[in-house]
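The values are calculated or read from the model by the stated rules, or taken from the named source; none is laboratory data. Computed from a predicted model, the values in this text were never measured in an experiment. Neighbour counts run over all protein chains shown; Cβ positions are idealised from the backbone, glycine included.
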Amino acid sequence: MPTPDFVRAFLLELGLGALLLLVFAANLGLRGRDRRVVGWIATGGVLVLGFTSFLVAPVPAALGGMFVQDGLAIFAKRLFLGATFIGLLASLGAPEIAFARRAGEYHLLVLSSLLGMLVLASARDVILLFVAFELMSIPLYVLAGFLKRRDEAVEAALKFFLVGSVSSAVMAYGLSFVYGAARSTDLAKVTLAAASGHPLVTLGLLAAFAGFAFKIAAFPFHMWVPDTYEAASTPFVAWLSVAPKAAGFVALFRVYFEGAGERAAAWVPIAAGLATLTIVAGNLMALPQQNTKRLLAYSGIAHIGYMLVGFAAASASGVAMVLFYLVAYVFGNMGAFLVVEAVARAEGSESTAALRGLAQRSPLLALAMLLFLLSLGGIPFVAGFWAKLYVFWAAATVGLYWLVLLGAVLTVVALFYYLLVAKRMYIEPPERTGPVLLPPTLALAVLLCAAGVIVLGVYPKPLVMAALRVAAPLF
Amino acid sequence: MTLPVLSLITWAPFVGALLIMFTARRRPLAVRLIAAVTTGISMAGSLWIYAAYDREAAGFQFYEKLPLVPPLGISYELGADGISLLLVLLTSIIIFAGVFASWTVAVRSQEFYALLLTLVTGVFGVFVSLDLFVLFLFYELAVLPMYLLIGIWGSSGEIRPRGIFAWAYRETGVGTKEYAAMKLTLYLLFGSAFILVGIFALYVNAGAASFSFLDLEAASFSPAVQRWVFLAFYLGFGILAGIWPLHTWSPDGHSSAPTAVSMLHAGVLMKLGAYGIVRIAMGLLPQGTSDWVWLVGTIATINIVYGALAAMAQTDLKYVIAYSSVSHMGIVLLGAATLTEAGLNGSVFQMFAHGIMTGLFFALVGLVYEKAHSREIGRMGGFGQAMPGIATAFTVGGLSSLGLPATAGFVAELLTFMGAWRSAHVWWLFPAVAGTFLTAVYVLRVAKQIFWGPPSPHFHHLEDARGPEWVALVLLVAVLVLFGMVPGIAIAPVDTATVALLSRIVGP
């Protein structure tokens, strides 16, 4: 029997469910080849839900402790809704006919995946966690192959699907051990069992870690990333590169840290090792890339490594700094992908050469891209600087100086390839004259990202404080 | 409420940059006037603080403080002592001269001046910040615009690579402006990673929750921390100061940069590195300093000799000047490493003298290149007849460079050598003096070849400097001679700071 408490706990999920039905109904009702109205409904709905999320307050756990609406969940849900809003806004003006004709399909899939993320952020139960993970992932496989007439897109979707299913299987297998040893699917009890040092629980959690590493695309589980990013449509990729990763990190915090207290330190060696590999591999593999989307794909892998540095700190401030990093990453990375999309529409090419002389053709677009690149590179006065600084800080306070130094030095490698893109825009002469025209919705999305990068770069304090507040109860 | 004069000096160029970007679209003259006026304000301010500084009281004066992030102890805290006074003056003179020296930049001049002025704000900020975190932000602001300044307005070397590595040079684009810009930026950012880690280590170990220099000075650090953090700072700031073998960004960068940027970079930015070592590494880590001076001094002597030898071998005029900077920065660090009053005074004075001198050289090379469209020494000759003004200024600069009495260079080198003589490592004196001798060889050879030799058949219709360009030359030559004749006006305030610094390291 739904009580007011129940409604309060599930307000966002219920709202999103209603939006899904609305989009579905609208799609059925519409006739003809242009169904973009559906897109507007979905985008507007997500915006409304985003505002609603600021009315949501933490409530006691529902469904017998399976579902919690705590500070961390609300923080993460705002992030998902914000990223989805920007992603949907950018895809509204997409020129491919598929986006107009199959708008209903596209938006239903995005929203279902979003629903999976929202539930995932609140899941405190192994079964619910797994179901939410699959609800998030399966629509992503379909979306990766959305442009089904392109061979590469189909190939990328298949690759993504196979790797993703294997990782889900590994995760499910590991979680079955956990259940067998802990005799409960409740994460709180699992944590207690892990603390007792039961070998099967440790083994199970280790297997599950590999599954999570696939989802967040840490090295060596990253192979699907560049191909998928290159072939899928760019506004979707912009979203894919941030939102599911953020969801993966929230799940990591829930499973490995929440309630673990001092014992969370057991995961430090694995997390630090994975962070090292991911940072080194991502940055080095990004170096030779000529396609901007592939470059951003590899640089994104490196960013996951930097977030793992914060994870490796295994402390409340480490978790908080990863949350901050995720927000900065949403703005910086989505912004960079969207500028690539804008240029690709005008030039028909996603190579870095297409950006040549952009500063002289569209100074503002080039400036926005420069800001995104500097933010990704971790330069002062834009969001990414504080993000890197805070993760390093968290790692340094627990004594991981070597990891900090390694990360800081590899930042220089990252700046090299980001500056190569900046060189294309600012130093090389343009091949064609005339500004790059972009539809107003895409321009608005880029503007939002740029504003986010600058505001967080100049005044990061409120967000840092909020992140620290929501991370504190985990330990 | 007193006038926040340090903020005024620091932010005036930045305001100029904003004005240029937003008001002076496509009006080249307005751009240059705004640049000249705002840097003029900075220069007036720095002259005023130089005169108003109370030498009896010493310490940090013109103090300003504004908390930025109180829980972390980050605040906007400015103050100047004898060392910063002189370097702020140097910066303001160089940038004021630089604005005039690059009067003829035609391509995208609006962006050029805006970036240049932004960069200068960063430089001023580093010299006057007392909060290490804010200092780091200013440091990054001083480094980053360089990439675009060199990449867009720089010039690629015209002399084709030769020798056994020629193919590798061609493959990697050595000598092109893009290569130089990227190399410089990456080297300096690599260094800044070490600086940041060093600042954090101090912050965490001091336990005072403050980035303020004054608070960190009062804290005591364990010997192990001092040893490692000093090394991190030495490496980080040392890259910018051009320590061997991490100096290679400097010749490439300075040769490819446009005139005003070379002036500013060789003249002032390399001093940021030396200033960081003296102010932060030596000022905060007395024990670490004693542990590592042998390394600092030895590498400094290598710098002096190696830089001079490399300069002798160059055929490109800009590379000669760039390598001479590497050599002269060795004198700066050698003076600091002697841990004597004379040596430290010499070190700071050399920062100033070399800044002015190298600024003058790069301004002159820029002018010569603009008139003759060549930097290849072998092709030039007899320019003295066509451009007597430039020839005279070059000769004065050259004489100062090799340390002729009555020029600023002489005072600096003499003090440094006196310091080396009294230091624990007397042998440092010999490579240092040998370096000066080598400097005389290459400077005189270049001056004779270009200006005083027989006229070259390759060049016609050469002209002397014109209009605004004279402002730069006269100003720099005058300063060079003035500080050589009356070094006391610079030594007196510097001495108040260096004595205090030394008493922390070696005891009173």
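Considering the conditions (1) crowded, with 18+ Cβ neighbours inside 10 Å; (2) small (Gly, Ala, Ser); (3) at pLDDT 80 or above, B:GLY384 is excluded by exactly one of them, (3). Within the stretch B:32-67, restricting attention to residues that are in contact (Cβ under 8 Å) with a residue 40 or more places away in the chain and of a type in the set (Val, Ile, Thr), the residue that is nearest to B:ILE83 (Cα to Cα) is B:ILE49. For the stretch B:371-396, a residue qualifies if it is within 17 Å of B:LEU360 (Cα to Cα) and charged (D, E, K, R), and the qualifying residues are B:LYS371, B:ARG375. Screening B:GLU217 with (1) modelled with pLDDT of 85 or more; (2) surrounded by fewer than 23 Cβ atoms within 10 Å (Cβ to Cβ); (3) in a helix (DSSP H, G or I) gives one miss only, at (1). Sub-7 Å Cβ pairs linking a first residue in the stretch B:436-463 that is in contact (Cβ under 8 Å) with a residue 60 or more places away in the chain to a second residue that is of a type in the set (Lys, Arg), at least 6 apart or interchain, are B:SER456/B:ARG379; B:HIS458/B:ARG379; B:LEU462/B:LYS371; B:GLU463/B:LYS371, ordered by first then second residue.
Results for (1) under 19 Å from B:VAL348 (Cβ atoms); (2) more than 14 Å from chain A (Cβ to nearest Cβ); (3) within 22 Å of the chain's Cα centre (by Cα), shown as yes or no for each residue.
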residue	(1), (2), (3)
B:GLY45	no, yes, yes
B:ALA52	no, yes, no
B:GLU56	no, yes, no
B:LEU68	no, no, no
B:GLU77	no, yes, no
B:ASP81	yes, yes, yes
B:LEU85	yes, yes, yes
B:LEU90	yes, yes, yes
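Here the stretch B:182-193 is the region considered, the condition is being hydrophobic (A, V, I, L, M, F, W, C) and more than 8 Å from chain A (Cβ to nearest Cβ), and the residue that is nearest to B:LEU148 (Cα to Cα) is B:LEU184. Taking the stated definitions as given, is B:GLY173 away from chain A (no Cβ under 11 Å), at negative phi, surrounded by fewer than 24 Cβ atoms within 10 Å (Cβ to Cβ) and modelled with pLDDT under 85? In short, no. Has the stretch B:457-478 got at least one residue that is under 15 Å from B:THR358 (Cα atoms), crowded, with 17+ Cβ neighbours inside 10 Å and of a type outside the set (A, V, I, L, M, F, W, C)? No, there is no match, as no residue in the stretch B:457-478 is under 15 Å from B:THR358 (Cα atoms), crowded, with 17+ Cβ neighbours inside 10 Å and of a type outside the set (A, V, I, L, M, F, W, C). Across the stretch A:353-368, the number of residues qualifying as more than 14 Å from chain B (Cβ to nearest Cβ) and within 29 Å of A:ALA408 (Cα to Cα) comes to 4.
Scan the stretch B:107-141 for residues that are under 20 Å from B:GLY73 (Cα atoms) and of a type in the set (S, T, N, Q) and the total you get is 1. When the helices (runs of 4 or more DSSP H) confined to the stretch A:375-475 are screened for residues that are within 11 Å of another protein chain (Cβ to nearest Cβ) and either within 22 Å of A:THR278 (Cβ to Cβ) or of a type in the set (D, E, K, R) (or both), those reaching at least 2 such residues are found at A:383-397, A:401-426.
Every residue, every condition in (1) in a loop (DSSP other than H, G, I, E, B); (2) among the small types (Gly, Ala, Ser); (3) within 14 Å of another protein chain (Cβ to nearest Cβ), yes or no:
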| residue | (1), (2), (3) |
| --- | --- |
| B:TYR203 | no, no, yes |
| B:ALA224 | no, yes, yes |
| B:VAL229 | no, no, yes |
| B:TRP244 | yes, no, no |
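The residue pairs whose first member lies in the stretch B:129-144 and is at the interface with chain A (Cβ under 9 Å from one of its Cβ atoms), whose second member is surrounded by fewer than 24 Cβ atoms within 10 Å (Cβ to Cβ) and assigned to a loop (DSSP other than H, G, I, E, B), and whose beta carbons are closer than 6 Å, counting only pairs six or more residues apart or on different chains, are B:LEU137/A:PRO380; B:GLU140/A:PRO380.
For every residue, the table says whether it meets (1) part of a helix (DSSP H, G or I); (2) buried (at least 19 other Cβ atoms within 10 Å of the Cβ).
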{"position": "A:LYS148", "(1), (2)": "no, no"}
{"position": "A:SER165", "(1), (2)": "yes, no"}
{"position": "A:GLY180", "(1), (2)": "yes, no"}
{"position": "A:SER184", "(1), (2)": "no, no"}
{"position": "A:LEU192", "(1), (2)": "yes, no"}
{"position": "A:VAL201", "(1), (2)": "yes, yes"}
{"position": "A:ALA208", "(1), (2)": "yes, yes"}
{"position": "A:PHE212", "(1), (2)": "yes, yes"}
{"position": "A:PHE219", "(1), (2)": "no, yes"}
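Only residues that are closer than 23 Å to A:PHE416 by Cα and among the charged types (D, E, K, R) were counted across the stretch B:100-148, and they come to 2. In the stretch A:1-114, counting only helices (runs of 4 or more DSSP H) that sit wholly within it, the ones holding 1 or more residues that are under 21 Å from the mean Cα position of the chain (by Cα) span A:11-29, A:36-52, A:71-91. Screening B:ALA492 on (1) of a type in the set (Gly, Ala, Ser); (2) outside any helix (DSSP H, G or I); (3) touching a residue at least 24 places away in the same chain (Cβ under 8 Å) shows it passes everything except condition (2).
Regarding A:PRO429, is this residue modelled with pLDDT of 85 or more and of a type outside the set (A, V, I, L, M)? So A:PRO429 does not fit the description; no.
For B:ILE302, are the conditions met, namely being out of contact with any helix residue (DSSP H, G or I) (no Cβ under 7 Å at 6 or more places or on another chain) and surrounded by fewer than 24 Cβ atoms within 10 Å (Cβ to Cβ)? Against the criterion (out of contact with any helix residue (DSSP H, G or I) (no Cβ under 7 Å at 6 or more places or on another chain) and surrounded by fewer than 24 Cβ atoms within 10 Å (Cβ to Cβ)), B:ILE302 qualifies.
Scanning the stretch B:145-156 for residues that are within 11 Å of another protein chain (Cβ to nearest Cβ) and among the hydroxyl-bearing types (Ser, Thr, Tyr) yields a single hit, B:TYR147. Does the stretch B:213-227 include one or more residues that are under 27 Å from B:GLU178 (Cβ atoms) and among the acidic types (Asp, Glu)? No.
Every residue, every condition in (1) surrounded by fewer than 20 Cβ atoms within 10 Å (Cβ to Cβ); (2) at pLDDT 85 or above; (3) assigned to a helix (DSSP H, G or I), yes or no:
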residue	(1), (2), (3)
B:ALA58	yes, no, no
B:LEU78	no, yes, no
B:THR91	no, yes, yes
B:ILE95	no, yes, yes
B:PHE124	no, yes, yes
B:ALA142	no, yes, yes
